[in-house]
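What follows is a single structure, written as structure tokens, with notes after it.
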Amino acid sequence: MCLAIPGQIVEWVDEELHIAKAQVANVRRNVNVGLLAETADAIAIGDWVLIHVGFAMSKIDEQEAQATREFLEELGDPYREELAELEASTIE
């Protein structure tokens, strides 16, 4: 199952290539924010985004991130599997 999971942007890795580091649960991974970089809601450090297969798909607020994470935690195994895949992935 592929889920979009909330993560917080914690630093820029390469602004020109639209790569930022996001923290999801206790995992920090590079994500591509290029889909959001040219929008009116450009991404900044501290922003919350929904991440799917290494791409930030949409910007969300902190309350939505919290509610989404709580829902995903209730799903159990699918969420844990998604976190494991995220931890094993790399975007350079």
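Quick notes
- log₁₀ of I(q)/I(0) at q = 0.19, 0.23, 0.25 Å⁻¹ - the chain, Debye sum with one point per alpha carbon: -0.80, -1.16, -1.35
- Residue separation of Glu74 and Ala44 scaled by 0.36 nm, minus their Cα-Cα distance, works out to 7.9 nm of gained length.
- Between His52 and Asp14, the simple spin-label model (points 7 angstrom out along Cα→Cβ) gives 2.5 nm.
Since every read-out is calculated from the coordinates, none of them should be taken as a lab result. Note that the structure is predicted; figures quoted are calculated from it, not measured. Please note: Cβ atoms are built from the backbone with ideal geometry, for glycine as well, and neighbour counts cover all protein chains shown.
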